[in-house]
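Bear in mind these aren't lab numbers, they're just calculated from the coordinates by the rules spelled out. Given the structure is predicted, the values throughout are model-derived calculations rather than measurements. Here the Cβ is made from the backbone with ideal geometry for all residues, glycine too, and neighbour counts use every protein chain on show.
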Amino acid sequence: MSGSTRENSRLEQALARLNFKPRNLEPGHVWLAGAGPSDPGCLTLEVLAALAEADALVYDALVSPDIVAVAAGAELFYAGKRGGQPSMKQDDITALLVRLAREGRRVVRLKGGDPYIFGRGGEEALALASENIPFRVLPGLTSGLSALAATGIPATMRGINKAVILATGHAAGTDDDLDWTAIARTGQPVVVYMGMANLPVIAASLLEGGLAPSTPAAVIIAATTPQERIVVATLATIAEAAAAAGLASPALIVVGGIVAMRAALAGEE
């Protein structure tokens, strides 16, 4: 028996021992599912089973092609949702989900990360509920936490933090912006989604809020994939460092003492 055959056999045996019994995706139902941070190994068993049953898949740009390929029996509908790139409007996505469900399709709406964390899954669920479309939410590993683990940054560390703040940075510098001063005053690490284009504004706002210029900071792109990259600097220098490294969206920004743990855990300190 070859090594790969033996490994496959052990995996099949492990799954059999788990006694996992997925629920059936019924015609006319929509399941809002999280694909995790892109690595197929981060996909949950429930989402894997749903993709195998789907005959209509509405998926976002951040979902890896390997995961999309699992839905071999599904008609594919690309929604986009990558910052700065052409995407379907949210109302059009919702209308598509409703139409497909009313056609009696088995619909999976697949998003990167978790559908309920900055994925507009709540909006889609509310719209489906208002149209009396049966739906279910399948959680996924949110990128904001799994990317930290993948790059050696513990989200919580005794003696460093007692909370983690997940924030969106797409509105930084506008009237709809967060109160970065209040976030800075908590002294707790912040993980920023969709903030790469506004990184200089976000960093400056956190500094104005009282965080020290020497506060550790990092930018992570393509976490858990072969294209993964991370730049570590300080809050005062992270925008310049990320630009110099050519990092672009989609990315996660991490600010706080937990970032310094990466070097310590790697034996670099």
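Here the ratio of the Cα radius of gyration of the stretch 3-141 to 2.2 N^0.38 Å is 1.07.
Hey, could you grab the Kirkwood Rh for the chain? Inverse mean 1/r over distinct alpha carbon pairs, Å, one decimal.
Working: mean 1/r = 0.0499 Å⁻¹.
Evaluated on the chain, it is 20.0 Å.
Couplings 3J(HN,Hα) for the stretch 243-260, derived from phi with the Karplus relation 6.51 cos²θ - 1.76 cosθ + 1.60 (θ = phi - 60°), are 5, 5, 7, x, 6, 9, 5, x, 8, 10, 10, 10, 10, x, x, 4, 4, 5 Hz, where x marks Gly and Pro.
At 24 angstrom or more along the helix axis (alpha-carbon based) and mean Kyte-Doolittle of 1.0 or higher, what helices does the chain contain? Whole DSSP H runs only. Each step should come with its number before you reach the end.
Numbers: long enough: none.
Helix filter hits for the chain: none.
Projected label points at ALA129 and LEU48, each 7 Å from Cα along the beta carbon direction, are separated by 3.1 nanometres.
Computed over Cα pairs, the Kirkwood radius of the stretch 169-225 leads via Stokes-Einstein (1.306 mPa s, 10 °C) to a diffusion coefficient of 133 µm² per second. Highest GNM mean-square fluctuation among ILE253, ILE117, ILE133, for the chain modelled with Cα contacts below 10 Å: ILE133.
For the chain, lysine pairs separated by 8 or more sequence positions, or belonging to different chains, with Cα-Cα distances below 25 Å total 4.
Computing Rg and the Kirkwood Rh from the Cα coordinates of the stretch 50-127 gives a ratio, Rg/Rh, of 0.93.
Calculate how large, on average over all directions, the projected area of the Cα convex hull of the stretch 140-262 is; give the answer in nm² to one decimal.
7.1
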